[in-house]
1. Among the residues of region 150-173, which ones are farther than 14 Å from Arg127 by Cβ and part of a loop (DSSP other than H, G, I, E, B)?
2. Give region 130-146 a look and list any residue that's at pLDDT 95 or above and crowded, with 23+ Cβ neighbours inside 10 Å, or say none.
3. Out of everything in region 60-87 that is open to solvent by 10 Å² or more (accessible area, probe 1.4 Å) and of a type in the set (A, V, I, L, M), what residue ends up being farthest from the chain's Cα centre (by Cα)?
4. Which of the residues that make up region 102-125 are open to solvent by 60 Å² or more (accessible area, probe 1.4 Å) and modelled with pLDDT of 85 or more?
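The values are calculated or read from the model by the stated rules, or taken from the named source; none is laboratory data. In this text, all values refer to a predicted model and were calculated from it rather than measured experimentally. Methodologically, a virtual Cβ is constructed for each residue, glycine included, from the backbone with ideal geometry; neighbour enumeration extends over all protein chains shown. Areas reflect the complete protein model, heavy atoms only, side chains present, ligands, DNA and RNA absent. Shrake-Rupley method; radii C 1.70, N 1.55, O 1.52, S 1.80 Å.
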Amino acid sequence: MQIGKQFPRARVSSVATALGAGTVLAAISLALAAPVALAQDGPVSASWQQHHKTFNYIGISPTYSCEGLQDALTYLLQHSGAQLNRPVTAYPCTGGGPTTLPSANLDFSTLQAAQGGGSGKVDGVWRHVEFSMTRSNPELRGSDCELVQEFKNTLLPMFITRNVTANLHCIPHQTIGNQFDLSFDVLAPANGGHHDGGAH
């Protein structure tokens, strides 16, 4: 997988010039563990709740192309246990180049705890999720620190979470020196399957 092909994002400065090749390879080798691991708890009766949200990226750096922002938000949502009802759609788009203060239309569902059984109920489990510069590479890198911070503040409250720990040190206009480590337990589908509440 080529990082540039995966995320065609326009940035203030290139990660390739900021980090040596050995550092990049070391970071990728540390990312072999799955970003979502099962927490030790039994199943929870849950149901899907749909969310319509306009996400406004207000970070200073990096700048994102529409496709880059769409890919990053899709990764953050899906690995947090969300189900996308429609693909993430970013705007305004400038022919694949960077966009100043882009936004994205989000239509996704998260599991909420439910009482008892019945139709529409699904088995949920607590899963541990961690987004960091090593575990999430190459989908997320150090320069995505502000995006992870905005995800925590605006989107994570729509999930049922516990044990949230955030160590976010974001430096605008820098591709080095940024540090982010966001971890939490989230109520997610036990089988990882999709619900039937919308188009995918």
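1. Passing the criteria: Leu155, Cys170, Ile171, Pro172, His173.
2. Across region 130-146, the qualifying residue is only Phe131.
3. Here the residue is Ile60.
4. Asn105, Ala113, Lys121, Asp123
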